[in-house]
1. Residues that are over 21 Å from Arg54 (Cβ atoms), free of Cβ contacts under 8 Å to residues at least 60 places away in the same chain and among the hydrophobic types (A, V, I, L, M, F, W, C): list the helices (runs of 4 or more DSSP H) wholly contained in region 118-232 that include at least 1 such residues.
2. How many residues are in a strand (DSSP E or B), surrounded by fewer than 17 Cβ atoms within 10 Å (Cβ to Cβ) and among the polar types (S, T, N, Q) if we restrict to region 3-50?
3. Take Ala75 and tell me if it is crowded, with 17+ Cβ neighbours inside 10 Å and either assigned to a loop (DSSP other than H, G, I, E, B) or in contact (Cβ under 8 Å) with a residue 60 or more places away in the chain (or both).
4. Looking only at region 143-158, decide whether some residue is touching a helix residue (DSSP H, G or I) at 6+ places or on another chain (Cβ under 7 Å), buried (at least 24 other Cβ atoms within 10 Å of the Cβ), of a type outside the set (Lys, Arg) and modelled with pLDDT of 95 or more.
5. So, of the residues in region 195-254 that are surrounded by fewer than 22 Cβ atoms within 10 Å (Cβ to Cβ) and among the β-branched types (Val, Ile, Thr), which turns out to be farthest from Arg112 (Cα to Cα)?
6. Taking region 70-96 only, how many residues are closer than 17 Å to Met1 by Cα and among the charged types (D, E, K, R)?
Amino acid sequence: MNVETPQGTVHVHRTGTTGRPLLLLHPLALSGAVWDPVARYFADTHQVLAPDARGHGASTWDGAEFGVADMAADAAAVISALDAGPADVVGLSMGASTALTLAATRPELVHRLVLADGTAYYGDDAVPVWAERAERATTVERSKQLDFQRDRWFAAPYLAAHPDEVERVCEIFLKTDSAAHGAACRALGGLDARGQLSAVTAPTQVLVGEEDYATPPAMSEALAAGISGAQLRILEKTRHLSLLERPDVWPTLFGGAA
């Protein structure tokens with residue numbers, strides 16, 4: 001499924017055809033395909049929509065700089081294209097920051113919200129830190145970036161027990177356009193949504209891996225503290241891609257029993 005926007009085409013991985021829309025927003029330098037196992041799980045109860053961010057996967061990109069607010073506008077366009085909102089929205093890492101911005105600026109489109117391993121603000125040194133990451137993303141061969149990525153994404157026991165799933169995620173990373181990866185890094189460096197937290201009205205669950213050092217638990221604690229009624233859950237022995245590492249959490253995303 002493709003959604004046309006003024007900025008280009010957003011490609012959407014679509015699974016399931018009935019029930020409330022479920023929008024899944026992916027992490028940096030990956031694509032909507034990373035959600036495939038989660039999409040299959042929810043396909044019987046939701047229309048699952050997993051868009052590719054600008055320049056990621058099969059979505060187009062004109063090469064211009066963009067921000068998290070632009071990615072949130074693309075996500076809003078996907079929900080609006082179905083004319084079936086509000087949607088349940090789940091964001092992981094970069095996708096969580098996008099989901100937060102979407103929920104704050106277009107609350108009528110969001111029914112329930114899950115923010116996993118994300119943040120509203122990466123810190124006072126975010127701009128230079130993310131500029132350096134953008135430089136690495138665009139100048140270092142993608143295969144040589146994988147050791148850094150694997151260590152951030154998954155805890156050691158998961159890496160050992162699930163090599164096929166780790167390889168699947170790595171393949172998505174390798175196929176991601178390096179220039180778009182760099183632009184998304186700069187977008188995250190410019191993120192400051194702290195003032196938007198109070199505007200989120202959807203019931204919100206905040207999740208974070210206990211061992212996540214990309215967006216440490218303190219960042220999720222700040223999200224939960226700033227969003228009225230938000231529930232925080234810290235997942236033991238889990239790193240950055242928590243919702244891939246912990247399928248046992250999927251049944252609990254929208255208030256199901258643990």
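1. Numbers: elements: 126-139, 146-153, 156-161, 163-175, 178-189, 217-226.
By residue number, 146-153, 156-161, 163-175, 217-226.
2. Going through region 3-50 one residue at a time, the tally reaches 1.
3. Details: crowded, with 17+ Cβ neighbours inside 10 Å: yes; either assigned to a loop (DSSP other than H, G, I, E, B) or in contact (Cβ under 8 Å) with a residue 60 or more places away in the chain (or both): no.
Taking the combined requirement at face value, the residue does not satisfy it.
4. Taking every residue of region 143-158 in turn, at least one turns out to be touching a helix residue (DSSP H, G or I) at 6+ places or on another chain (Cβ under 7 Å), buried (at least 24 other Cβ atoms within 10 Å of the Cβ), of a type outside the set (Lys, Arg) and modelled with pLDDT of 95 or more.
5. Of everything passing the filter in region 195-254, Ile234 is farthest from Arg112 (Cα to Cα).
6. 2
The values are calculated or read from the model by the stated rules, or taken from the named source; none is laboratory data. This one's a predicted model, so the numbers in the text were calculated from it and none came from an experiment. Backbone-built Cβ (ideal geometry, glycine too); neighbour counts: all protein chains shown.
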